[in-house]
Structures are given as C-alpha cells and as structure tokens.
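S.K.: To start, I am sharing the structure in question, which I have written as structure tokens.
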Amino acid sequence: MADVKLVNISKDYDQKVRKKKQPTKKAVEDINFVIPSGSFTVIVGPSGCGKSTTLRMIAGLEAVTEGEVWIGDRIVNDVKPGDRNIAMVFQNYALYPTMTVYKNISFGLENIGVPKKEIDARVQQVATLVNLSAYLDRKPHQLSGGQRQRVALARAIVKRPDLYIFDEPLSNLDAKLRAEMRNELINMHKELQTTFIYVTHDQVEAMSMADQIILLNEGNVMQIGSPMELYHRPQNIFVATFMGTPAMNILPVTEVISLVHQTVKPGESIGYRPEKARLSEQPNDDFFWVKSEIVTTELLGSETLYRVKNKFGEQHVKLTEPFISTARDVYVFVKHEDLYFFDENGERLEGVNTHEHHQQYALR
Amino acid sequence: MKKSLKGVEYSLLAIVMLLIAFPFLWMLSASFQTYIEIIATPPTWFPSSFDLSNFMAAWQSGPFLTYTMNSVVTTFVVLVLQFITMIPAAYAFARLEFKGKNICWSITIICLMIPMQLIFLPNYLLFSQWGMIDTYWPLILPFATSAFGIFMLRQSFKQIPEEIIESARLDNASEWKIIRTIFIPVAKPTIITVLLFTFISRWNDYFWPLVMTTAEDARTLPMGVALLRTTDAGVPWNEVMAANVILVIPILIVYFIAQDKIIKAFTYTGIK
C-alpha cells in the first residue's frame, strides 16, 4: 500500500524537435497531485487532455520529461515498469494471443520466480473470483469481450500489486456489460483495499466509481476533489460543463444584470444546471428568470429534456414532470442559490451568495 | 446465377491446376519410362512398367550420396542461421528505436533488390582469397540472413499491439522472454513460410554452387542432376527425370507438412 505522488510532472513528446522549431504544447504540463493509498482515483478529461500520458508515466511505460513520480517513499522515475509492483488493465485487454487463459494469468508470476505450486493455487483462486475457472484452457480469441475483460482483471489481481492502473478498461464493452463491470470494479476495490487509478473520458464512469476525481484538460489539472465537490463546486466553466449530463448551461452576460445579492458585469457568465431549472407560463421575481421559447422536447421516460432559446442563446432544461403549455412564451426560472457565476476567464467567482449554500450541498 | 458462377470458378481453378501439375506429372511419368519410350514420338504418357531402375541408374551415375549430404548440410545450416539472425533483426526494426535505424533498414531493403548475378563475382573473389572455395562456407555464409525474411517478419511483428508488449513488461518479462513467448508464437506462420522459401531456394539452387564449387565432393544435388545431362551418348532423359524426382521429393514433403501455416502467413489479419 502506497501513496502515489506526482511532483511538477511534464511530458514533452518531441523534445528533440522542439529545440529546432518554435515551442509547441507539451502533452502534460507541470501537474501535481497526490493519490492517497487505498483510494479509487479517476483521472478524467476529454481526449487529448494528457490523462493516458499521465497514467503511462505512473506505470513507467512513458519516460518523464520533468518532475518526480513517487510511489510510496521512493522516486520511481528510473524504475522499470515490472519493478514498480503495479498491475495495469488496458482498453483492448492486451491478452497474450497465443497463450491460454491460465498462461495469461500465470505469466507475470512465472517471471518473478514464484514456485509452481503457489502459482497454481493463486491462479485457481483468482479464476474462481472472476468466474473463469471453466475457461482456463481457452485461448483469448475463443472468449467473449466480457470474458476477455475478466482475464485482464485476473491477470492484474493475481500479482497482488500495490497499485492497480486501468486505462479506459470498459470502453470496448456494450452499455449493459459496462454497467455490470462498473459494479464489479467497485466491489473489487472494496475487497482488495488497494489503490486504484482509473482513466476514462466518460464523466459518468468517473462520477459513479471515484472517491477522488482528477480532471485534466490540455495537460493541466482543472480540479481535484470528490465527485460531489466537482459537481456542486466546479472551479471553472470547464469543470462545470464537463461534469453532469446534459452539461451545465452557461449564459454569457453582455450587459449589467442586477440580481438580489450581486451584480453581474459584462464578460462574466451565469451558469445553471439543466436539472435545477423549471418552466412556467409566468415570470416570478422570487427567482432568476428568462423569457424563452421551447425549441425541442425529448421524452426520456423518467424525465423530459427541453431545449430552450432566449436572449442568452440555447440551453437545456431537464424536468421530471413534463411541462405542458400552449403559450408561445415560457419562462425558465432558477433559484438564486442554484446559480453559478464565472469571471471573464471562466474561473468561478467564489464568495458570492451561492458559495455557502453549495458547501452545504456537498456535505448533505 | 450463383451456381453457374461456382462452375466457372471451379473450371478456372481446374485449368490453373492442370497447368501447374502437368510438368510434375510428366516428370513423374518420365522417370519410370525406358529410354525407348522417352524418345518415342508421339510422347508416351504412361510408362509400361513401374520399376525403379532409372532411379538406381541416376543414383549410381555419380557420388549422389555426397551431393545429397552437401545439400542437406548446407541447407540445414542456412535455415538455422537465418532463424537465429532474422528474428532479433526484425524485432529491432519493428519495435526498438536506435540510432541509424533508418539507414540500416534502407540497406536491408536494398539487399532485397540486388540480384545474385550482380554480386557473385565479388563474393567469389572474396571467398577465393580466404581460401574457402570448395568448402561449405561459400554456400552458407552469404545466406546466413535473409533480407526478405527480415522484411516479412518485421511486418508480422508490427501487427502485435503495443499494449501486449507493455503488458509483458509490466509482467516483468525480459526482451528475450517477450520475443520467445509472444513474438515467435504469433509470427510462427510467417517464420515457417520464410524458412520454407529459403529451403526451396537453397535446395534447388544451381547457379551459386556452380560458381563456388569445382570439386566433386563439394557439389550439391542440383549440380549432380545437371551433370547427368553432360554425357556423350545423348541425354538419358528418363534418368534425369528420376534424379529430378529425387530432388523434388523433400520439398513436396516439407510443403505438405507446412501447408496450412503458409496459407495462414498470407491471410493473417491480426490479433483479436
């Protein structure tokens, strides 16, 4: 069991090219974070944000350009991947194609000279754990996607590593299987009580599994915190719009708007989540309201998603009860404490009225 | 519609097969014919008897046991050497980054394009200066590695996803262990095919041994067969054909054993 610590980590893929030409963007730039021992940490971000690069630097598959990677009390920058005592599960499973399931699982143990008897016992035990006992003699191409995924998991578990690393392991599975595997992973984390680092571009996966989320964008850390913290107290527009589906509505402000507790200046933005808004046929001055018209309506069963248009542009409103109206003009209204405010750089303005309220939200 | 297309397909296949098989069948038939039968016009299609006298005569017309041994030894050593040299080279080209990689690769590709007729003279001079003419060396050393084999193997190594190798590295496997347990098994069909091509070209080669050997006891089987034709009393075609059958049999046996692997090497689509 060990903390993972990244100190001023940068990754520059074309360092050699760089010297000759003008500087281009680094894949990962000066990031710092700590992954506490035993946590389930999800590194999330849009594609190209540097999350896989970060993960691969922790695993030792990618050299670190600058900074230090700590696992426990040692710097592992120059430690071979095999000597870091970590196990990795890849997106495409990366099973050894010509080996049987048994060999796939036992390969890592053989390489470090575990006695044959012990290997056998451990393989059988892990195979039972992931329901693969009947398939030990099969080759990977004779297995279904879900079974291959389980082999990849078994291969990781059998090594009893200090650290599990997952690189988008569920993205090749269909939706139903993905939900199942998500639960299995959460249970696995509870049972193994080991550090999990999990990379995904899917914020739903991040929200449902993580106890700590590290949100990256363009090689920089946007925010680190629990899923609820990121959802209720995003530090900037990027975090606000990345977490939650549909994304938070951002209303660019072009003229001074005076609200109950503060004034919003041009250049700043107001944000509200689609699920916090309501629709009505009359304005109501107890709330923040905007005259709008409904563009489209999507019935999703348990909820209804409206796309509305007003002077701020288009926004989403999500209601649990369908809103039926014949009026041409409708009014979107949001409680003042459910509004978010961002400055002209997209940073959230803290200390305005919503702040305390959302802290309560996070704690509740 | 479909049925008639199938018919066309099969008849085309039959024609191609006949074209390929005919010389073989005629060779086989001729190897059993008597001298009278073989010079008859119109040609004899089926020999009157199936005795092995032509084979005996061909075998005894020269030191065929020595020829065969020479062929077997040189071919076998070449195969072993190619196996040893090709795999690490292909692995390096496919997977490692090192200085001069592009230059080395260009040289390998150029080797693929230079015809043997262009290099036999400098090679001959070199071996004669080293005093190696009439030994096995000139028949082995120039073929110790194969540019074609490195090229083919590199392609098949490149198909292996990077993640599998990374997985193996995380599983504490050394580079050699990765080559042994992952690359070689995956590339097995390609390796077998490349070695089979080498086997056929070495076993059948006439030109190179002709240049590099002058003494009887250094000659290989194809030369022995060719020597049969240089008799004063007219070419005993029936015996030449019998000798050819002897020459071809090992190739046919090897081919039949490795057949499915060869098809795999050319239809291989990657790893699931």
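S.K.: How high is the relative contact order of chain A, in percent, counting Cα pairs under 8 Å that sit 6 or more residues apart?
M.R.: Numbers: 703 pairs, mean separation 57.6, N = 364.
RCO, chain A: 16 percent.
S.K.: Here's a follow-up. Can you give me the Cα centroid spacing of the stretch A:151-207 and the stretch B:106-176 in angstrom?
M.R.: A separation of 44 Å, based on Cα centres.
S.K.: Quote the Stokes-Einstein diffusion coefficient, in whole µm² s⁻¹, for the stretch A:110-158, based on the Kirkwood radius over alpha carbon pairs, a temperature of 10 °C and a viscosity of 1.306 mPa s.
M.R.: It diffuses with D of about 141 µm²/s by this estimate.
S.K.: Enter the mean number of other protein chain beta carbons within 10 Å of the beta carbon of each residue in A:105-115, as an integer.
M.R.: Values: counts 0, 1, 8, 6, 2, 5, 7, 3, 1, 0, 0.
Whole-number average of other-chain Cβ neighbours for A:105-115 is 3.
S.K.: OK, next. Rank B:ILE246, B:ILE119, B:ILE87 by mean-square fluctuation in a GNM of chain B with C-alpha springs under 10 angstrom and give only the top-ranked residue.
M.R.: Greatest mean-square fluctuation among the candidates belongs to B:ILE119.
S.K.: Compute the acute angle (0 to 90°) between the alpha-carbon long axis of helix A:354-363 and the principal axis of greatest extent of the alpha-carbon atoms of chain A; round to the nearest 10°.
M.R.: For helix A:354-363, the angle is close to 40 degrees.
S.K.: Taking the convex hull of the Cα atoms, report for the protein assembly as shown its projected area averaged over all directions, in nm². Walk me through the numbers before you get to the answer.
M.R.: On the way: hull surface 182.2 nm².
Mean projected area for the protein assembly as shown: 45.5 nm², to one decimal.
S.K.: Can you give the helix-only mean residue ellipticity at 222 nm for chain A, where every DSSP H stretch with n ≥ 4 adds -39500 (n - 2.57) and the sum goes over all residues, rounded to the nearest 500 deg cm²/dmol?
M.R.: Numbers: 10 runs with 100 residues, N = 364.
That calculation yields -8000 deg cm²/dmol at 222 nm.
S.K.: Please identify the helices of chain B, taking whole runs of DSSP H, that span at least 18 Å along their own axis as judged from the Cα atoms and have a mean Kyte-Doolittle score of 0.5 or higher. Let's see the in-between values first.
M.R.: Values: long enough: B:2-30 (41 Å, 1.28); B:64-95 (46 Å, 1.36); B:101-113 (19 Å, 1.45); B:116-129 (19 Å, 0.93); B:188-204 (24 Å, 0.80); B:237-267 (40 Å, 1.32).
Taking the DSSP H segments of chain B (at least 18 Å long, mean hydropathy at least 0.5), we get B:2-30, B:64-95, B:101-113, B:116-129, B:188-204, B:237-267.
S.K.: Additional query: Could you check which residue among A:ALA59, A:ALA156, A:ALA175 shows the biggest mean-square fluctuation in a GNM of chain A with a 10 Å Cα cutoff?
M.R.: A:ALA175
S.K.: Report the convex hull volume per residue for the stretch A:247-320, counting only C-alpha atoms, in Å³.
M.R.: Numbers: hull volume 7.0 nm³, N = 74.
With only Cα atoms used, the stretch A:247-320 gives 95 Å³ per residue.
S.K.: Mind checking the alpha-carbon convex hull of the stretch B:64-152 and giving the volume per residue in Å³? Kindly include the intermediate steps, with their values, before the conclusion.
M.R.: Numbers: hull volume 10.2 nm³, N = 89.
It comes to 115 Å³ per residue, whole-number rounded.
S.K.: For a 21 Å ceiling on Cα separation, which of these pairs sit above it: A:LYS51/A:LYS276; A:LYS311/A:LYS335; A:LYS291/A:LYS318; A:LYS51/A:LYS139; A:LYS139/B:LYS188? Before the final figure, lay out each step's value.
M.R.: Details: A:LYS51/A:LYS276 31 Å; A:LYS311/A:LYS335 19 Å; A:LYS291/A:LYS318 17 Å; A:LYS51/A:LYS139 32 Å; A:LYS139/B:LYS188 16 Å.
With Cα atoms farther than 21 Å apart: A:LYS51/A:LYS276; A:LYS51/A:LYS139.
S.K.: Run the 1.4 Å probe and let me know the accessible area of B:SER106, rounded to the nearest 10 Å².
M.R.: Counting only protein heavy atoms, the figure is 60 Å².
S.K.: Of B:LEU12, B:LEU221, B:LEU121, which has the largest mean-square fluctuation in a 10 Å C-alpha GNM of chain B?
M.R.: B:LEU12
S.K.: May I ask for the equivalent-ellipsoid semi-axes of the stretch A:7-110, computed as the square root of five times each C-alpha gyration tensor eigenvalue and listed largest first in whole Å? It would help to have the intermediate numbers written out before the result.
M.R.: On the way: eigenvalues 158, 63, 42 Å².
Output for the stretch A:7-110: semi-axes of 28, 18, 14 Å.
S.K.: Can I ask one more? What are the equivalent ellipsoid semi-axes of chain A, built from the alpha-carbon gyration tensor (square roots of five times its eigenvalues), in whole angstrom, biggest first? Don't jump to the answer; show the numbers that get you there.
M.R.: Numbers: eigenvalues 407, 130, 58 Å².
Listed largest to smallest, the semi-axes of chain A are 45, 26, 17 Å.
S.K.: Compute the distance in nm between two label points, each set 7 Å from the Cα along the Cα-to-Cβ direction, one at B:GLN155 and one at B:GLU175.
M.R.: Going from the B:GLN155 label point to the B:GLU175 one covers 2.5 nm.
S.K.: Three principal axis extents, largest first, for the C-alpha atoms of chain B, in Å?
M.R.: 72, 68, 30
S.K.: If you build the convex hull over the alpha carbons only and average its shadow over all orientations, what do you get for the stretch A:223-364? Give it in nm² to one decimal.
M.R.: Working: hull surface 34.5 nm².
If you wrap the Cα atoms of the stretch A:223-364 in a convex hull and average its projections, you get 8.6 nm².
S.K.: Which distance in nm do the two modelled labels at A:LEU300 and B:MET113 give, with both placed 7 Å along the Cα-to-Cβ direction?
M.R.: About 6.0 nm separates the two model spin labels.
S.K.: Can you give me the Rg/Rh ratio for the stretch B:2-51, using Cα atoms for both radii and the Kirkwood formula for Rh?
M.R.: Numbers: Rg = 15.9 Å, Rh = 12.8 Å.
Rg/Rh: 1.24.
S.K.: Related question: For n ≥ 4 DSSP H runs only, could you compute -39500 (n - 2.57) per run for chain B, divide by its residues and tell me the 222 nm figure to the nearest 500? Show your work: numbers first, answer last.
M.R.: On the way: 14 runs with 191 residues, N = 272.
Result for chain B, helices only: -22500 deg cm²/dmol.
S.K.: What number, in nm² with one decimal, is the all-direction average of the projected area of the convex hull of the alpha-carbon atoms of the stretch B:101-161?
M.R.: Computing the convex hull of the Cα atoms and averaging its projections yields 5.3 nm².
S.K.: Where the centre of each part is set by its Cα atoms, how far does the stretch A:106-149 sit from the stretch A:250-295, in angstrom?
M.R.: Value for the Cα centre distance between the two parts: 57 Å.
S.K.: Can you give the angle from 0 to 90° between the axis of helix A:145-157 and the longest principal axis of chain A, with both taken from C-alpha atoms, to the nearest 10?
M.R.: With both axes taken from Cα atoms, the answer is about 70 degrees.
S.K.: May I ask you to work out the translational diffusion coefficient for the stretch A:165-301 at 20 °C, viscosity 1.002 mPa s, via Stokes-Einstein with Rh from the Kirkwood sum over Cα pairs, reported in whole µm²/s? List each step's numbers first, then the result.
M.R.: On the way: Rh = 18.0 Å.
Estimated via Stokes-Einstein, D reaches 119 µm²/s.
S.K.: If you fit an axis through the alpha-carbon atoms of helix A:101-111 and take the longest principal axis of the Cα set of chain A, what angle between them do you get, 0 to 90°, nearest 10?
M.R.: The angle comes out near 70 degrees.
S.K.: Under a crude label model (7 Å from the Cα following the beta-carbon direction), how far is B:GLU9 from B:LEU210 in nanometres?
M.R.: So the label points at B:GLU9 and B:LEU210 sit 4.3 nm apart.
The values are calculated or read from the model by the stated rules, or taken from the named source; none is laboratory data. No experiment lies behind these values; they were computed from the predicted model shown. Here Cβ is always computed from backbone atoms with ideal geometry, including for glycine, and neighbour counts include all displayed protein chains. With ligands, DNA and RNA removed, areas are computed over all heavy atoms of the protein, side chains included. Shrake-Rupley method; radii C 1.70, N 1.55, O 1.52, S 1.80 Å.
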